[in-house]
Amino acid sequence: MNVKLIAAEPMNGTDATLWDIERDPSLRTTVVSVLQLDRMIKPERLLRSIDESSRLMPRMRQRVVEAPMGIGVPHWEIVEDVDIRDHVHFAELEPPIAFSGLLDLAAACAVEPFDRDRPLWECTYVDGLDDGRAALIIKVHHSFTDGVGGVGLLDVFLDPSRRTRRRRPDRLPELQAAPSSGSSAPSFASFPSFTAFTAAVEKSALAQAWLAKTAFGAALHPLQAVAKTVAGSRSAVRLLAPSGAALSPLFTERGRQRCVAIHEAGFDQLHDAAARHGCTINHLFIAGVLDGATRYHRRRGSHPTELRVTMPISIRRDGDAGGGNQWAPVRFRLPTDIDDPIERMLAIREITRRSRKEPALGFIHSLAGAVQILPSAVSAGVVGGMMRGVDLTITNVPGLSEPRYLAGAHVERLYPFAPTAGAAFTVAMVSHESTACFGIMSDTTAVADPDELHTAIAAGIDRVLKAAKKRPPAKEAGQ
C-alpha cells in the first residue's frame, strides 16, 4: 500500500478568519463554480475520477478542527475514512433542464451550510440539460482555498485530454494522519491554545521584518522612517476599520438567500479594448459593473454619489500551495457620477492603483493572525465589521487557457460565483480558454430585483467594451 502521512496544519490567519465569520450566516463564504460539459458522464466514471483526484490533493480529505473555547487558530487534519459518495451528489431533476434551472440549483448550493465535521467541498452533477450537455456544480468553503489557488487545484482535478488517464489503485496514495511528534506525555506547548498563539507569532514574521527594516532605516533616515511607520500603522487601521453603513440607499439590508446569473465576452476583445486606453481587463470589468449598478439605482430613483467596493488582491507567490488563501482585501469608493465609459475606466485605474499601494498589504496574514489570537466570537466581530456595509465585491481570477476535460467531457465554460460575504452582490470573472466568464451573485434581501440588476451589469460590461473598442485612444483623439 502506498501510504502518505499528512501532518496536522494550522490555518493561516486569513483561512481561520473566513472560517470564523460564519457565526453570522449573511457572511457565509461558500464559493460555487459551474463547469459546463459538452457531454454526459457515467456516474461510476465520475466518482472514480473525483476519488483519484482527492488522493492527489490532501486538502480534499482534510477537515477543520477548532481550538478549544474558540481561542486560537483552528487547524487542518486528515480524515481517513472519506466516502466520496458523501461529497458527490447527482441531481434528480426531470429533463430537459433549462440552464436557468441549473443556476437555481447553484444558488441553492451556495446557501446550504457545510457539514463541518467533513472536508469542506461538495459536487453536484447535473445531466439532461436541454441542449444535450451536462454540468458539474463545485462548492467549496472559502477557507479551503482562494480563486487563484482554486484554479491551480482545478488544473490537477481536470485532465489535459479527452482520454482520461486511469491511475492504478496501488499507485494512488492512501492518506493517513501523521502521528504527533515527541513524547506521548502532554506538554504545555502541545495544548491547541498555546500552539495557536505560537502559530500566530510565527505568522507575524513579515510584520516583524517590516518593522525591523524600518528600525534599521531610522538610524540613517529618521524622518523617512517615522513617516513610514506612521503610514504602515494608518494603513493597517484602514484595512481593519469597520466599513460603516452601505453607501447605497437601496442596498441596506442583508439576508441568507442568493440569486445567480452569468455573462460572457471574448477574452481577447476585453484585453485589446482595455489596452487601447492604457488600462487592464480589470479596469474595464470594474467600469462595466459600476455602469450597471449605477443605472440600476437611477431606474429606481436613487442617485448615490459613490458605492463602496471590496476587491481581493492576490499575494500568492510562486511555490505557494494550491490550498489556503493568499489574498488581501482592499476597499475603496467608486464615483457614480462619471457617465463617459472611458473616463470612468481611467478614473478606476487611478483609484485601484492607489489601493494596491497600501503598506499593510505586505503583512496581511500577520494582521489576520493577530486578530485570530482573540476569542473567535471577537475576531469574527472585527472582520464582520469590515465586511458589512460593502455595496459590492468584484474579483477577477486568471483561469485555464488550455482545454481541460472531466472524465472525458470537455469543460466548455467555467462560471464562478464568489460569496457575497456581507456585500449586496458580487461579480466574479474567470478567463476560460478564449472566453471571459462572469458570475453574478446577489443577496436577495439587499437587492430588490436581482434579475434587473444582473441584466444591467451584463449590459454595462458590454457597453464599456463597445466604447473602448470604438473610441480612439486619447492621444489619437487629440485630447
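Among the candidates Glu343, Glu306, single out the residue that is in contact with a Pro (Cβ under 8 Å, 6 or more places away or on another chain), at pLDDT 95 or above and outside the structural domain of Glu66 (by TED's automatic domain parsing).
Glu306
Would you check which residues across segment 129-174 are modelled with pLDDT of 90 or more and either over 29 Å from the mean Cα position of the chain (by Cα) or in a strand (DSSP E or B) (or both) and list them?
If the condition is that a residue be modelled with pLDDT of 90 or more and either over 29 Å from the mean Cα position of the chain (by Cα) or in a strand (DSSP E or B) (or both), then Leu129, Ala134, Ala135, Leu136, Ile137, Ile138, Lys139, Val140, His141, Asp159 are the ones that fit.
Looking at segment 14-49, which of the residues that are within 15 Å of His87 (Cβ to Cβ) and surrounded by fewer than 21 Cβ atoms within 10 Å (Cβ to Cβ) is modelled with the lowest pLDDT?
Arg48
If a residue must be part of a loop (DSSP other than H, G, I, E, B) and acidic (Asp, Glu), how many such residues does segment 32-67 contain?
2
Listed here are the residues, each with its yes/no results for (1) closer than 21 Å to Asp127 by Cβ; (2) assigned to a loop (DSSP other than H, G, I, E, B); (3) over 19 Å from the mean Cα position of the chain (by Cα); (4) not hydroxyl-bearing (Ser, Thr, Tyr).
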residue	(1), (2), (3), (4)
Pro403	yes, yes, yes, yes
Arg413	yes, no, no, yes
Pro419	no, yes, no, yes
Gly422	no, yes, no, yes
Val427	no, no, no, yes
Val430	no, no, no, yes
Cys437	yes, no, no, yes
Ile440	no, no, no, yes
Val447	no, yes, yes, yes
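Name every residue in segment 111-137 that is surrounded by 21 or more Cβ atoms within 10 Å (Cβ to Cβ), under 19 Å from Ile262 (Cβ atoms) and aliphatic (A, V, I, L, M), in order of residue number.
Across segment 111-137, the qualifying residues are Val126, Ala134, Ala135, Leu136, Ile137.
Please go through (1) crowded, with 24+ Cβ neighbours inside 10 Å; (2) touching a Leu at 6+ places or on another chain (Cβ under 8 Å) for Ala448 and return the number of the only condition it doesn't satisfy.
(1)
List the pairs whose first member sits in segment 117-129 and is closer than 23 Å to Ala16 by Cα, whose second member is polar (S, T, N, Q), and whose Cβ atoms are under 7 Å apart, counting only residues at least 6 apart or on separate chains?
Pro119/Gln62; Leu120/Ser143
Evaluate the following for Arg300: is it surrounded by fewer than 21 Cβ atoms within 10 Å (Cβ to Cβ), closer than 20 Å to Leu250 by Cα and at pLDDT 95 or above?
yes
So, in segment 1-57, of the ones that are more than 15 Å from Tyr125 (Cβ to Cβ) and basic (Lys, Arg), which residue ends up farthest from the chain's Cα centre (by Cα)?
Among those residues, the one meeting the criterion is Lys4.
When the residues of segment 255-297 are narrowed to those that are of a type in the set (Asp, Glu) and in a helix (DSSP H, G or I), which ends up surrounded by the most Cβ atoms within 10 Å (Cβ to Cβ)?
Asp291
Name the residues in segment 67-83 that are under 24 Å from the mean Cα position of the chain (by Cα) and modelled with pLDDT of 85 or more, would you?
The first filter runs over segment 67-83 and keeps only residues under 24 Å from the mean Cα position of the chain (by Cα), leaving 72-78.
Selection gives Pro74, His75, Trp76, Glu77, Ile78.
The values are calculated or read from the model by the stated rules, or taken from the named source; none is laboratory data. Just so you know, these numbers come straight off a predicted model, no measurement behind them. Glycine also receives a Cβ, built like all others from the backbone with ideal geometry; neighbour counts cover every protein chain displayed.
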